[in-house]
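Worksheet: the structure to be examined is printed underneath.
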Amino acid sequence: MGDGAADLGGSSAQATQAANGCGKMTVGVALAIPEPHASVLSGWRRRIGDPEADKIPVHVTLLPPTEFDAGELQLVEKHLADAATTVLPFTMRLSGTGTFRPVSQVVFVQVSAGIAECELLERAVRRHPIDRDVAYPYHPHVTVGHDIDDDRLDEAFDELRDFVAQFGIDRFTLYSQDENGAWHTHREFLLTGP
C-alpha cells in the first residue's frame, strides 16, 4: 500500500465485488496513524504536492498492495485474525525524518518505538496464505512524500525533522483499493497477543 490521507469510510467497488465472490481485488494491511497526527502528516503530503495525499490513509505498512481473487477474501481475513493474536497492543513513537533516496523517491517520518512489534506483525501477516515477495527489507515508516520533485521532498524532510508523536496501537486494518486508486477501510483486527 502507498501512504497519505483518505476517506476511510464507505466501501469500494472491489470490496463489493469481493462480497459477491467475483473478480479480483487489491488489498493492503497497515497500522493506521490516529488523529491528530494523521491530519498533520496528510496535510504535509498535500502541501508538498503529492498527488496520493487524498487517496492513501496515513499508515505504517504491514502488507503492500496485493491482488487476490475476491473469493479468497474470507481465507485472507481468517489469516489476518490469526496474525492479530501474535502481538499485544503497544506504544508507537514517531520521531524525525528519513529517506530512501536515491534508491526510491520517498521521504518518511521514522518509527522510533514500536519497531519490534511492527516487525512481528509484518512477519505474521506476510506468510501463508499471503506469501508475497517484497522488493526491499521491511522498514516500518510513515511516508510523507513519494515520487515528486526533490525540492519538495527536501522541504518535507527539513520541515518535519523535529516531528514527534506518541500513541497507542491496538489494531491493524485491512484496506481495499477502489477503481480510482483510493484506499478504504475494509476491516479492522484488534491485537490480542499472548
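Values in this text are rule-based calculations from the coordinates and carry no lab data. What you see is a predicted model, and the numbers here were worked out from it, not measured in a lab. We place every Cβ from the backbone using ideal geometry, glycine too, and count neighbours over all the protein chains shown.
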> In sequence order, what are the phi-derived ³J(HN,Hα) couplings for the stretch 161-168 according to the Karplus relation 6.51 cos²θ - 1.76 cosθ + 1.60 with θ = phi - 60°, rounded to whole Hz, with x for glycine and proline?
Replying inline: 3, 9, 5, 9, 8, 9, 6, x
>> Please compute, for the alpha-carbon atoms of the stretch 99-148, the extent along each of the three principal axes and give them in descending order in Å.
In response: 35, 25, 13
> Where in the stretch 48-79 does the label zone of residue 149 land, with the point 7 angstrom along Cα→C-beta and an amide N cut-off under 14 Å?
Replying inline: 48-51
> Can you pull the Rg over Rh of the stretch 95-194, Cα-only, Kirkwood?
Replying inline: 0.99
> Going 7 Å from the Cα of residue 190 in the Cα-to-Cβ direction, what parts of the stretch 63-85 have a backbone nitrogen less than 19 Å from that spot?
Replying inline: 77-85
> Based on the Cβ-Cβ distance from residue 112 to residue 69, what FRET efficiency comes out when R0 is 30 Å, to the nearest 0.05?
Replying inline: 0.20
> Which value, in debye to the nearest 20, describes the size of the charge dipole of the chain about its Cα centre when Lys and Arg Cβ atoms bear +1, Asp and Glu Cβ atoms bear -1, and nothing else is charged?
Replying inline: 480 debye
>> Starting from 0.36 nm per residue, how many nanometres of slack lie between residue 180 and residue 101 once their C-alpha separation is accounted for?
In response: 25.7 nm
